[in-house]
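The values are calculated or read from the model by the stated rules, or taken from the named source; none is laboratory data. These numbers come from a predicted model, not from an experiment. Quick reminder, even Gly has a Cβ in these numbers, built from the backbone with ideal geometry, and neighbours come from all protein chains shown.
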Amino acid sequence: MNEVYTFVNSVLLGTTPILWAALGCLFAHRAGIYQLGLEGLMLIGAFASIGGAIALGSAWTGILLAMAVCVLVSVVFWFVVVILKANAIIAGLGLVGIGVGGTSFLQGAIFHTSGAVSANAIIGAPVSGTATGPLSMLSSLSLLVYLLPVAAFVVWVVARRTNFGLRVSASGQYPFAAKAAGVRVRLVQLGALCITGAMCAIGGSELSVGSLHAFSYDMTAGVGYVAFTAVLFGREAPWGVVLASFIFGIATALGIFSQIHAIFGLPLEFIQMMPYIVTVLALWFAGWRWPQAGSAAEGAFAELRE
Amino acid sequence: MNWRNGLGSVGRSGVALLVGLALAAITFQAGGFSAGGTASGVVTGAITGPGSLALTLRYALPLAFIAIGVVVSFRGGFFNAGAQGQFYAGGIVSLYVGLTLPTSLGGPIVAMLAILAGAVAGMVWSILPGLLRVYFNVNEVIGTLMFSFIAEYLVTYVAVGPLKSSAGAGQVAVTTSVPNAVRVTPASGIGIGVVLGVLLVGAAVWWLLRRTRFGFEIALIGRNPVMAEVQGVEIRQIGLATFAITGFTAGLGGAIEILGPLGSISSGYDPNIGLTAILVALVGVLAVGGVLVAALVFGGLTAASLYLPIATGLPSTSLVFLTGLVSFVVTAKVGWGRWSQGLAQRVRGGPRPGHRGDEVPVPSGAPPDADERQRGTPAASPGSVGTPV
């Protein structure tokens, strides 16, 4: 039984950063903007929250700082992509480079190390030190994990049950109609991108001050891209994104699990590939089962945006 | 893209590069590294220092191989972002072939076979997400990136697993080195064969894009896939072919890197070459000549990024930061680019700017001609949203 508890624990641990970022990216995607820079935003968030936690002495103010920084970066991204009409994909890949290189540079400039930067101020874990029993499922998980159901619900309400959510979808799907109806498409896209930035900051913070209590170079290792895929695979619907993120979280946990228990007798590296292979399979499945899912988003770009 | 608006595009690339360099300099200054010292460090590391020019060329060569292939995909509007994975695949397979075939066959023959095998491996690594793209409409950016992550773990697997050398030092596992007879260049990474190879591949791709029906069809798809399909272009076949070509040249780059300067693969080997190669293709305005120049620029920056940690203590990952900054702005359509484009066309008496088909095709997923449409039909959006650019 304890293996099952440990497994659930690592599923939750693996899903949380993916889900925070994916729930945020949902808004950018619904607003018709490919935000491929999630990875960069998460790294910036992870670094800013560690820096904030060290400087300000509290992980929560660290997270607030991270959110502020990521929102600022998102505004710049909006300016470049929406106002200057840069290619969103290339700008997004650039944002990843800025995140990877910029945090590494600042790490050297501020903390004078290229190794890990750890913080004493961390997000508390309500349950800790429980090694056995059902409660061990929640052992050492940060509060940001517990906040996920709330976040998912709020995202669902905002995306599906508010005026703003409707405007976001309209801006993404039929910008001309949205314009004609008086929606200020660019401003709505700005709002959507800022939400994406803020939630990526939380996802990144979960990695640094939440679970690992440290920042290290390129620590997201593809989580941002996986989160982006979760939005595609979840067909831009809040609950679909939750489900997709859990599938990727389970793949991550399976990797860790079989690493410990040597289940398949495969070399370690092949097990570590699992989340990426599952992502490819998920994309293939989505493209095969819902052929229009991908093309709708692309169509929004090629034909309808602005 | 034709020659007439080449001036505008080159201007835009130059501006993006300068903006990126300026932002990076400001950041470095703010981080406590003097911008002037960094700039002179870049010049020393890339050009004036002893052996710097050779190092610049050494890093420009693989970039040029990859970026020439990326141009083909991007012109067709297929966003193949997985050059790094294809580079790894080429490196791994060429290493395997180079180690397995007996040198009694003759060093150059083994080397040729290994390079060919590496290029084919890169091609396969690119065609797989390509198949997903053309038959299942799977987003090719994510597909190719995921294959890159998978290839990254394959590199570590190869280094710690089947090809591991007992001579590995410390924590880093290293594969056995290919025999000297099979190496295509000395450790300096510069060989006349490799330089000729880049020029040959560049010439072949130039000919393919500019002088063949295939190249014309790629351009058609890049500009307007719907129209291309109506006109009878086999989008799937052409698309797959662009994926194949991109993978082939990226695999070549990987093979020549491994059989040339490196000789072996170490675990965690990450040359950060994928994004840089995409950027080289874009800064080189998706033209073969431009790519060769851009590859030298970024080869120089790579060489400088190795020198800067010694000279000024700046971490070598600063290059990733700079690359990111330039990518961030390189496709932005600033007023100056459009103005210079118009000027170039007035001077040469070409069609007015914004004439459909003059733009560099932008990969799918982004509006290739959004601003053209806006400029062309201003009356189409009466309730204009936000401020006009």
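With the requirement that a residue be facing chain B (nearest Cβ under 7 Å) and not in a helix (DSSP H, G or I), what does segment A:52-93 give you?
Within segment A:52-93, A:LEU84, A:LYS85, A:ALA86, A:ASN87 meet the criteria.
Do any residues in segment B:155-182 that are closer than 17 Å to B:GLY260 by Cα have Cβ atoms under 7 Å from those of residues that are at pLDDT below 80 and among the charged types (D, E, K, R), where the two are at least six apart or on different chains, and which pairs are they?
B:THR175/B:LYS164
Any residue in segment B:306-327 that is more than 22 Å from B:GLY45 (Cα to Cα) and within 11 Å of chain A (Cβ to nearest Cβ)?
Yes, there is a match, as at least one residue in segment B:306-327 is more than 22 Å from B:GLY45 (Cα to Cα) and within 11 Å of chain A (Cβ to nearest Cβ).
Determine whether segment B:292-308 contains at least one residue that is in contact (Cβ under 8 Å) with a residue 24 or more places away in the chain and at positive phi.
No - not one qualifying residue is present in segment B:292-308.
Of the numbered conditions (1) closer than 26 Å to A:GLY92 by Cβ; (2) assigned to a loop (DSSP other than H, G, I, E, B); (3) in contact (Cβ under 8 Å) with a residue 12 or more places away in the chain; (4) of a type outside the set (D, E, K, R), B:VAL138 fails exactly one; give the number of that condition.
(3)
In segment A:223-277, what count of residues is obtained for those that are among the aromatic types (Phe, Trp, Tyr), within 14 Å of another protein chain (Cβ to nearest Cβ) and out of contact with any Phe, Trp or Tyr (no Cβ under 6 Å at 6 or more places or on another chain)?
Looking only at that region, the number is 5.
Please indicate, with yes or no, whether at least one residue in segment A:95-110 is buried (at least 17 other Cβ atoms within 10 Å of the Cβ), within 14 Å of another protein chain (Cβ to nearest Cβ) and over 30 Å from B:ALA83 (Cα atoms).
Yes: segment A:95-110 contains one or more residues that are buried (at least 17 other Cβ atoms within 10 Å of the Cβ), within 14 Å of another protein chain (Cβ to nearest Cβ) and over 30 Å from B:ALA83 (Cα atoms).
Would you pick out the residues in segment A:5-35 that are farther than 20 Å from A:VAL155 by Cα and within 12 Å of chain B (Cβ to nearest Cβ)?
none
For A:GLY62, all conditions in the list (1) buried (at least 18 other Cβ atoms within 10 Å of the Cβ); (2) touching a residue at least 60 places away in the same chain (Cβ under 8 Å); (3) within 24 Å of B:PHE28 (Cβ to Cβ) hold save one; what is the number of the exception?
So A:GLY62 meets the others, but not (3).
Being on the phi < 0 side of the Ramachandran plot, in a helix (DSSP H, G or I), buried (at least 24 other Cβ atoms within 10 Å of the Cβ) and within 15 Å of the chain's Cα centre (by Cα) is true for just one of B:ILE92, B:ILE66. Which residue is that?
B:ILE66
Show me the helices (runs of 4 or more DSSP H) entirely contained within segment B:209-282 in which 1 or more residues are within 24 Å of B:VAL194 (Cβ to Cβ).
So the answer is B:235-257.
What about A:LEU283, is it facing chain B (nearest Cβ under 9 Å), within 21 Å of A:LEU23 (Cα to Cα), in contact with a Gly (Cβ under 7 Å, 6 or more places away or on another chain) and modelled with pLDDT of 80 or more?
yes
Could you say which residue among A:ALA230, A:ALA253 is crowded, with 19+ Cβ neighbours inside 10 Å and within 27 Å of A:ILE90 (Cβ to Cβ)?
Unique residue meeting the criteria: A:ALA230.
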